[in-house]
Amino acid sequence: MTPIDRAHAESLDAGDPLGHLADRFVVDDPELIYLDGNSLGRLPRSTLARLAAVAEHEWGSGLIRSWDTWIDLPARCGDLIARSLLGAEPGEVVVSDSTSVNLYKLAVAALDAQSGRDVIVTDDDNFPTDRYIVEGLAAQRGLELRMVASDPVHGPDPDLLAAAIDERTALVTLSHVAYRSAALADLAAITALAHRSGALVLWDLCHSAGSVPVELAAAGADLAVGCTYKYLNAGPGAPAFLYVRRDLQASLRQPIWGWFGQRDQFTMGPGYDPEPDIRRFTVGTPAVLGVAAVEEGVQVLAEAGIDRLREKGRRMTAYLVDLADEWLAPLGFELVSPRDPDRRGSHISLRHDDAWRICRACIETANVIPDFRAPDRLRLGPAPLTTRYVEVWEAMDRLRRLVGSGAHLAYGAERGRVT
Ligand SMILES: *Cc1c(COP(=O)(O)O)cnc(C)c1O
């Protein structure tokens with residue numbers, strides 16, 4: 001039996017210690033193969049029940065009285081994320097706002113703490129919102145933005161990064177796992193490199209939280225943000241998380257002085273005097289339904305265990321690569337993710353001249369959902385918690401048949417508003 005036999009996939013599923021957890025998610029169409037859990041994770045069944053309970057009992061019946069329990073939800077949920085997924089301590093993570101807003105808040109907090117330094121470092125293949133936010137900050141504050149050239153497959157070059165970080169550098173901000181190629185940055189080494197020059201580092205964990213272990217404490221990481229609607233399965237627009245190392249908390253100030261960051265919030269005092277802890281990085285009333293969904297989503301991941309999730313992610317992407325080599329390379333596809341599973345997260349990208357049309361045809365005729373990333377990448381994200389090995393096999397089989405038959409050529413080249 002070789003990897004290209006369906007039986008191989010079946011045997012991998014039979015030995016999969018996480019296999020039973022797929023049943024915890026809503027699957028409406030068993031024929032649909034969903035390879036976009038890294039963009040919007042599936043809906044956990046427990047979340048449906050929890051959201052109904054929060055709406056009906058806590059909101060409907062409890063009304064304002066429910067704030068007694070809601071008030072601690074963002075910090076409690078942050079503690080769960082810290083312990084189960086981020087290698088951080090309770091009290092170092094809180095759920096609030098969106099990733100973009102958290103990135104802005106923590107970047108400003110870092111810049112304000114680094115007076116005399118006037119450089120921000122990021123890379124030119126970083127996620128758009130990350131680049132735009134530091135571009136905006138550099139423009140508003142007259143800072144220099146150093147965009148380190150990134151290899152499209154392997155991510156930011158360590159030598160170029162080292163050359164860009166010096167005693168003028170206030171802040172370095174990078175993605176832990178690159179959104180297109182899945183290149184995995186060496187979080188500990190880059191953090192240590194930046195610290196040698198006195199710079200603070202702000203990590204974006206959107207594509208790593210819930211898919212690879214993130215050892216923030218072990219790395220001495222300063223700051224991090226990440227979203228919850230990808231591998232954390234908390235639903236569209238669910239609030240994001242932020243991390244601030246404990247010993248930095250009392251000295252950092254974020255720019256939006258809201259009442260949820262205020263010490264003794266309900267004394268409604270005259271001037272802003274923020275909490276000494278992680279709560280000072282929150283702003284206003286939390287989106288309670290969204291945070292409840294985060295808690296449900298993370299509980300399933302915590303039960304699976306991040307090391308087992310990582311192992312399955314490595315195996316599933318390796319399986320995708322084997323099948324792509326065998327079936328798709330002859331059809332004009334090229335792997336544009338690191339070949340070494342230790343150097344990538346839980347998705348892979350394939351380059352093809354017709355990637356956009358193939359992606360449309362895949363969704364509309366093959367009932368497989370990958371996604372397209374400009375300019376010419378097809379991104380395949382098997383979620384360790386919800387994707388089975390036979391689905392990986394089946395998706396690649398449908399894909400090779402589709403492209404082999406030329407069915408995608410019937411699709412127009414113009415792109416939709418959302419890709
Ligand atoms: C998905 C993603 C975001 C999203 O930010 P939002 O504020 O939730 O829209 C940011 N950064 C990275 C690296 C992402 O992958």
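The values are calculated or read from the model by the stated rules, or taken from the named source; none is laboratory data. Because the structure is predicted, anything quoted here is derived from the model rather than measured. Heads up, the Cβs are rebuilt from the backbone with ideal geometry, glycines too, and the neighbour counts pull from every protein chain shown.
So, in region 3-28, exactly how many residues are more than 24 Å from Gly210 (Cβ to Cβ) and not in a helix (DSSP H, G or I)?
3
For region 328-419, which fully contained strands (runs of 3 or more DSSP E) count at least 1 residues that are surrounded by 24 or more Cβ atoms within 10 Å (Cβ to Cβ) and charged (D, E, K, R)? Give the steps one after another, and end with the answer.
Working: elements: 348-351, 371-373, 377-380.
It comes to 377-380.
Quick one: which residue in Ala410, Ala324, Ala374 is of a type outside the set (D, E, K, R) and closer than 25 Å to Asp16 by Cβ?
Details: Ala410 fails: closer than 25 Å to Asp16 by Cβ; Ala374 fails: closer than 25 Å to Asp16 by Cβ.
Result: Ala324 is the single residue among Ala410, Ala324, Ala374 that is of a type outside the set (D, E, K, R) and closer than 25 Å to Asp16 by Cβ.
So Val27 clears everything in (1) of a type in the set (Val, Ile, Thr); (2) surrounded by 18 or more Cβ atoms within 10 Å (Cβ to Cβ); (3) closer than 30 Å to Arg180 by Cα except one condition, right? Which one?
In the conditions (1) of a type in the set (Val, Ile, Thr); (2) surrounded by 18 or more Cβ atoms within 10 Å (Cβ to Cβ); (3) closer than 30 Å to Arg180 by Cα, Val27 misses (2) alone.
Can you name the condition, by its number, that Ile33 falls short on among (1) surrounded by 20 or more Cβ atoms within 10 Å (Cβ to Cβ); (2) of a type in the set (A, V, I, L, M); (3) touching a Phe, Trp or Tyr at 6+ places or on another chain (Cβ under 8 Å)?
It is condition (3) that Ile33 fails.
Out of curiosity, is Ala287 modelled with pLDDT of 95 or more, more than 16 Å from the ligand (Cβ to nearest atom), surrounded by fewer than 19 Cβ atoms within 10 Å (Cβ to Cβ) and hydrophobic (A, V, I, L, M, F, W, C)? Give the steps one after another, and end with the answer.
Values: modelled with pLDDT of 95 or more: yes; more than 16 Å from the ligand (Cβ to nearest atom): no; surrounded by fewer than 19 Cβ atoms within 10 Å (Cβ to Cβ): yes; hydrophobic (A, V, I, L, M, F, W, C): yes.
No: the conditions fail for Ala287.
Only one of (1) buried (at least 16 other Cβ atoms within 10 Å of the Cβ); (2) of a type in the set (S, T, N, Q); (3) away from the ligand (no atom under 16 Å from the Cβ) is not met by Asn102, so which one is it?
Evaluating Asn102 over (1) buried (at least 16 other Cβ atoms within 10 Å of the Cβ); (2) of a type in the set (S, T, N, Q); (3) away from the ligand (no atom under 16 Å from the Cβ) leaves (3) as the failure.
Of Leu21, Leu40, which residue is within 16 Å of the ligand (Cβ to nearest atom), under 24 Å from Arg308 (Cα atoms), modelled with pLDDT of 95 or more and surrounded by fewer than 20 Cβ atoms within 10 Å (Cβ to Cβ)?
Values: Leu21 fails: within 16 Å of the ligand (Cβ to nearest atom).
Being within 16 Å of the ligand (Cβ to nearest atom), under 24 Å from Arg308 (Cα atoms), modelled with pLDDT of 95 or more and surrounded by fewer than 20 Cβ atoms within 10 Å (Cβ to Cβ) holds for just one of Leu21, Leu40, which is Leu40.
From the list Glu135, Glu89, which one is within 24 Å of Glu215 (Cα to Cα), more than 12 Å from the ligand (Cβ to nearest atom) and either among the β-branched types (Val, Ile, Thr) or surrounded by fewer than 21 Cβ atoms within 10 Å (Cβ to Cβ) (or both)?
Details: Glu135 fails: within 24 Å of Glu215 (Cα to Cα).
Criteria check complete, one pass: Glu89.
Mind checking whether some residue in region 54-73 is surrounded by fewer than 20 Cβ atoms within 10 Å (Cβ to Cβ), in a loop (DSSP other than H, G, I, E, B) and within 23 Å of the chain's Cα centre (by Cα)?
no
Only one residue in Asp112, Asp97, Asp123 is within 16 Å of the ligand (Cβ to nearest atom) and touching a residue at least 60 places away in the same chain (Cβ under 8 Å), so which one is that? Show your work before the answer.
Numbers: Asp112 fails: within 16 Å of the ligand (Cβ to nearest atom); Asp123 fails: touching a residue at least 60 places away in the same chain (Cβ under 8 Å).
It is Asp97.
Check whether at least one residue in region 270-278 is in contact (Cβ under 8 Å) with a residue 60 or more places away in the chain and either surrounded by 18 or more Cβ atoms within 10 Å (Cβ to Cβ) or not in a loop (DSSP other than H, G, I, E, B) (or both), and report yes or no. So that I can check it myself, show each step before the final result.
First pass over region 270-278, keeping only residues in contact (Cβ under 8 Å) with a residue 60 or more places away in the chain: 277-278.
Within this subset, residues satisfying the condition of being either surrounded by 18 or more Cβ atoms within 10 Å (Cβ to Cβ) or not in a loop (DSSP other than H, G, I, E, B) (or both) are 278.
Scanning region 270-278 turns up at least one residue that is in contact (Cβ under 8 Å) with a residue 60 or more places away in the chain and either surrounded by 18 or more Cβ atoms within 10 Å (Cβ to Cβ) or not in a loop (DSSP other than H, G, I, E, B) (or both).
Does Arg117 count as basic (Lys, Arg), in a helix (DSSP H, G or I) and either touching a strand residue (DSSP E or B) at 6+ places or on another chain (Cβ under 9 Å) or more than 16 Å from the ligand (Cβ to nearest atom) (or both)? Give the steps one after another, and end with the answer.
Numbers: basic (Lys, Arg): yes; in a helix (DSSP H, G or I): no; either touching a strand residue (DSSP E or B) at 6+ places or on another chain (Cβ under 9 Å) or more than 16 Å from the ligand (Cβ to nearest atom) (or both): yes.
So Arg117 does not fit the description; no.
Identify all residues within region 233-253 that are more than 16 Å from the ligand (Cβ to nearest atom) and surrounded by fewer than 24 Cβ atoms within 10 Å (Cβ to Cβ); write none if there are none. Show your work before the answer.
From region 233-253, those more than 16 Å from the ligand (Cβ to nearest atom) are 244-253; that's our starting set.
Listed by number, the residues that qualify are Arg245, Arg246, Asp247, Leu248, Gln249, Ala250, Ser251, Leu252, Arg253.
Identify all residues within region 44-90 that are basic (Lys, Arg) and under 26 Å from Phe25 (Cα atoms); write none if there are none.
Arg45, Arg50, Arg76, Arg83
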